[in-house]
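Could you have a look at this structure, given as structure tokens, before my questions?
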Amino acid sequence: MNYSHYSTSRRHVHNIARAWLIAILLLFIALPRAHASVADAPDANLQVSLISYGPGETYWERFGHDAIELRDTVSGEAINFNYGVFDFDEKGFLINFARGQMHYLMDAAPSQEDQSYYIESGRSVTRQVLRLNPEQAAALRDFLLWNLRPENAGYNYDYYVDNCTTRVRDALNKVLGGALKTQLTARAGGMTFRQQTARLMSAQPWLMLSMDLGLGPYADQPLNAWQESFLPMVLQAQLRDVHVDDGHGGIQPLLQSEQLLSPNRLDEPPATAPDLRLPLALAGLLLAAAIVVARRCWPSGYALLGTLYLMSAGLIGLLLLVLWTLTTHHSAWANANLLLFNPFAFLLLPTLWRARRNIAPSRFIDGLILLQLLAVLIALSLHLLPGVVQQNQPWLLFALPCWLALAWTLRRTP
């Protein structure tokens, strides 16, 4: 999952525009100008806004996007600064992505140009004007211009803790003297990383199921509002209740105004995460029943169904093991689904096909089946432990009847 929303052609255009924009912005800083611009406007002329874009249709657009807009209220010039640019053509991009070492860039573009892309795509565009004093607005501008320099623009992307929205959030928190983090940390979040991921990816069920299967206990920790503001829409909503110093010993809302620049024309994500327990439990029971019936009535079909399950379990186990041991995807580490789906499943394949001819399994295979049933029992027992418990009940409900059916049929004759 990521938060970049530039097509390949658009991204290359922005790379050219970005180089041009950096040169112009730095020129504005270095040389006196006859008229004001964002880069050299007086502090009092700077207006700061959070621009939030709703979810898109492509899988990497499902989480929304946002940017910081700096506007010179006198000249009318407005620039959007965002942290969501990546390059598919980067050398080793796919390998780095698989290893969890994703390289993202900060970018800047004229606000109207940037926003027109999302409006044309049917995605909502909302501007929240923030009540920053001139010194805070200038400090934010200086930081963003520094961050835009080629040597500072890159960063190592993380799905949940270092993405295009957390970078925007952190930049705002920096100029607010930590007030944003203090207030959001004190609020409870509404969902976990897993729930938000499933909710937003629900329009693509197979991708949603794959991601849910691959997430470990890290994704189930309780979140506060600061942590949950890794999502643009959550940050947008949370800013409505943030208050800051008014400069006279009192407090005032951080938001000066909020305007929907363009309404959403796409299907809205559901408000809550789908409950996967019943669908996966039914799927597991149906597959288990098919295995048992086929064992008695259709030996070749039994072998094919069993092979499908065991091959899937073994391949899933290999992938989960790789994610844990060979990548920096820490949200996938220590995944209890390894107890349900693991490479030992491959060892049962020859026995499965021999069972078709009523050849009894060896003692080694008997022990392996018992070990797998014990692993499933351990996975069930983990839910009784205190602390963060991995919410993998849907996969437990799917795998348990399948393993019981295989264990029963491998030990029985039709």
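Criterion first (open to solvent by 40 Å² or more (accessible area, probe 1.4 Å) and either at pLDDT below 95 or outside any loop (DSSP other than H, G, I, E, B) (or both)) does Gln195 satisfy it?
Yes.
Follow-up question, since we're still on this one. I need the full set of residues from the range 393-414 which are open to solvent by less than 60 Å² (accessible area, probe 1.4 Å) and not in a helix (DSSP H, G or I), in order please.
Correct list: empty.
Going through the range 340-376 one residue at a time, which ones are assigned to a helix (DSSP H, G or I) and among the hydroxyl-bearing types (Ser, Thr, Tyr)?
Within the range 340-376, Thr351 is the sole residue that qualifies.
When you scan the range 160-192, how many residues do you find that are open to solvent by 50 Å² or more (accessible area, probe 1.4 Å), in a loop (DSSP other than H, G, I, E, B) and in contact (Cβ under 8 Å) with a residue 24 or more places away in the chain?
Qualifying residue count for the region: 4.
May I pose another question? Kindly check whether there is at least one residue in the range 307-318 that is free of Cβ contacts under 8 Å to residues at least 24 places away in the same chain, open to solvent by 50 Å² or more (accessible area, probe 1.4 Å) and under 16 Å from Cys402 (Cβ atoms).
Yes, some residue in the range 307-318 is free of Cβ contacts under 8 Å to residues at least 24 places away in the same chain, open to solvent by 50 Å² or more (accessible area, probe 1.4 Å) and under 16 Å from Cys402 (Cβ atoms).
Can Ala39 be described as modelled with pLDDT under 85, of a type in the set (Gly, Ala, Ser) and on the phi < 0 side of the Ramachandran plot? Steps first, answer last, please.
Numbers: modelled with pLDDT under 85: no; of a type in the set (Gly, Ala, Ser): yes; on the phi < 0 side of the Ramachandran plot: yes.
Considered against the rule, which asks whether it is modelled with pLDDT under 85, of a type in the set (Gly, Ala, Ser) and on the phi < 0 side of the Ramachandran plot, Ala39 comes out as no.
Same structure again: For the range 237-256, does any single residue satisfy the condition of being part of a helix (DSSP H, G or I) and of a type in the set (A, V, I, L, M)?
The answer is yes, given that some residue of the range 237-256 is part of a helix (DSSP H, G or I) and of a type in the set (A, V, I, L, M).
Among the residues of the range 111-159, how many are surrounded by 15 or more Cβ atoms within 10 Å (Cβ to Cβ) and farther than 30 Å from Gln252 by Cα?
Counting residues in the range 111-159 that are surrounded by 15 or more Cβ atoms within 10 Å (Cβ to Cβ) and farther than 30 Å from Gln252 by Cα gives 13.
Does Val322 satisfy being of a type in the set (Val, Ile, Thr), closer than 30 Å to Ile365 by Cβ and crowded, with 16+ Cβ neighbours inside 10 Å? Lay out the reasoning, then the answer.
Numbers: of a type in the set (Val, Ile, Thr): yes; closer than 30 Å to Ile365 by Cβ: yes; crowded, with 16+ Cβ neighbours inside 10 Å: no.
Considered against the rule, which asks whether it is of a type in the set (Val, Ile, Thr), closer than 30 Å to Ile365 by Cβ and crowded, with 16+ Cβ neighbours inside 10 Å, Val322 comes out as no.
Identify all residues within the range 202-236 that are under 20 Å from Leu397 (Cβ atoms) and assigned to a helix (DSSP H, G or I); write none if there are none. Before you say what the answer is, go through the steps one by one.
Initial filter on the range 202-236 (under 20 Å from Leu397 (Cβ atoms)): 202, 205-206, 208-217, 219-220.
Listed by number, the residues that qualify are Pro205, Trp206, Met208, Leu209, Ser210, Met211, Asp212, Leu213, Gly214, Pro217, Ala219, Asp220.
Given (1) assigned to a strand (DSSP E or B); (2) aliphatic (A, V, I, L, M); (3) within 27 Å of Asp245 (Cβ to Cβ), identify the lone condition not met by Leu132.
Only one criterion is unmet by Leu132, namely (1).
Further question: Kindly indicate whether Trp298 is of a type outside the set (Ser, Thr, Tyr), farther than 15 Å from Thr351 by Cα, open to solvent by 50 Å² or more (accessible area, probe 1.4 Å) and without any contact (Cβ under 8 Å) to a residue 60 or more places away in the chain. It would help to see each step written out before you state the result.
Working: of a type outside the set (Ser, Thr, Tyr): yes; farther than 15 Å from Thr351 by Cα: yes; open to solvent by 50 Å² or more (accessible area, probe 1.4 Å): yes; without any contact (Cβ under 8 Å) to a residue 60 or more places away in the chain: yes.
Yes; evaluated as a whole, the condition is true for this residue.
Report the residue count in the range 343-392 for those that are more than 21 Å from Met311 (Cα to Cα), among the aliphatic types (A, V, I, L, M) and open to solvent by less than 40 Å² (accessible area, probe 1.4 Å).
Number of matching residues: 1.
The values are calculated or read from the model by the stated rules, or taken from the named source; none is laboratory data. In this text the structure is predicted, and so the values were computed from the model without any measurement. Cβ sites come from the backbone with ideal geometry, for glycine too, and all protein chains shown count toward neighbours. With ligands, DNA and RNA removed, areas are computed over all heavy atoms of the protein, side chains included. Shrake-Rupley method; radii C 1.70, N 1.55, O 1.52, S 1.80 Å.
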